[in-house]
Each structure stands twice: as C-alpha cells, then as structure tokens.
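The structure appears below as structure tokens.
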Amino acid sequence: MTREEIFQKIQDILTEEFELTKESITPEAKLYEDLELDSIDAVDLLVKMKELIPGKIDPEAFKKARTVLDVVEIIDLLINKT
C-alpha cells in the first residue's frame, strides 16, 4: 500500500467516522488543533486503521503523531517493515 493510499484511507475514515470534510484533511492538518480530535478520537482512529496493519499495533508508536502526515508515515512503516 502506498502512502497516498494510506492517506486516502485515513481521509475516508475521518470523514465517515468524525464527520470532517475531505477539504479539511490535508497531510499538514494537525490532529488536535485543526481537526479537533481528542485522545479518545485518536484511539478510535487507531482501531479503524487496524485492518490496514498486520499484527499487533503498539499505541506507543502513535503517541508522537501530531499531523495526518505523521499518521501516514507511521502506518507506512508498520505495513512495509517486512
């Protein structure tokens, strides 16, 4: 899966689950400030992303994510680490 495909999946989840507009979800968008997600929303997003990531997800990997691009990069590393 490419980074663009990962971004599209995140964008789809955020629009469907959190009622955000696609236009507001850019790679540079800050999860907490721009998209107004809270820690519970971040966990919900992580749960939704599990279908993309083989094996167990370590929540610690996502603690430093601040932007949508950070999430894309972390998921890309988890998917393509083998």
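No lab work stands behind these numbers, since they all come straight from the coordinates. Just so it is clear, the model here is predicted, and its values are computed rather than measured. Here Cβ is always computed from backbone atoms with ideal geometry, including for glycine, and neighbour counts include all displayed protein chains.
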> Tell me, what ³J(HN,Hα) does each residue in segment 76-81 have, in order and in whole Hz, if you take phi through Karplus 6.51 cos²θ - 1.76 cosθ + 1.60 with θ = phi - 60° and put x for Gly and Pro?
Replying inline: 4, 5, 5, 6, 9, 6
>> Counting other C-beta atoms within 10 Å, and keeping those with at most 15, which DSSP coil trypsin sites (Lys or Arg not before Pro) do you find in segment 14-61?
In response: LYS56
> Which entries of LYS22/LYS63; LYS56/LYS81; LYS30/LYS81 show an alpha-carbon separation above 19 angstrom in the structure shown?
Replying inline: LYS22/LYS63; LYS30/LYS81
> Can you list the residues, at least 5 places off or on another chain, whose amide H is less than 5 Å from the amide H of THR67, using H built in the peptide plane?
Replying inline: LEU31
> For the chain, what does -39500 (n - 2.57) per DSSP helix run (n ≥ 4), summed and divided by total residues, give at 222 nm, in deg cm²/dmol to the nearest 500?
Replying inline: -15000 deg cm²/dmol
>> Explain nothing, just compute: Karplus ³J(HN,Hα) = 6.51 cos²θ - 1.76 cosθ + 1.60, θ = phi - 60°, for every residue of segment 24-33 in order, whole Hz, x for Gly and Pro.
In response: 7, 9, 10, x, 7, 4, 7, 4, 8, 7
> Restricting attention to segment 16-82, which GluC sites (Glu not before Pro) occupy a DSSP loop and are surrounded by at most 13 other Cβ atoms within 10 Å?
Replying inline: GLU19, GLU28, GLU33, GLU36
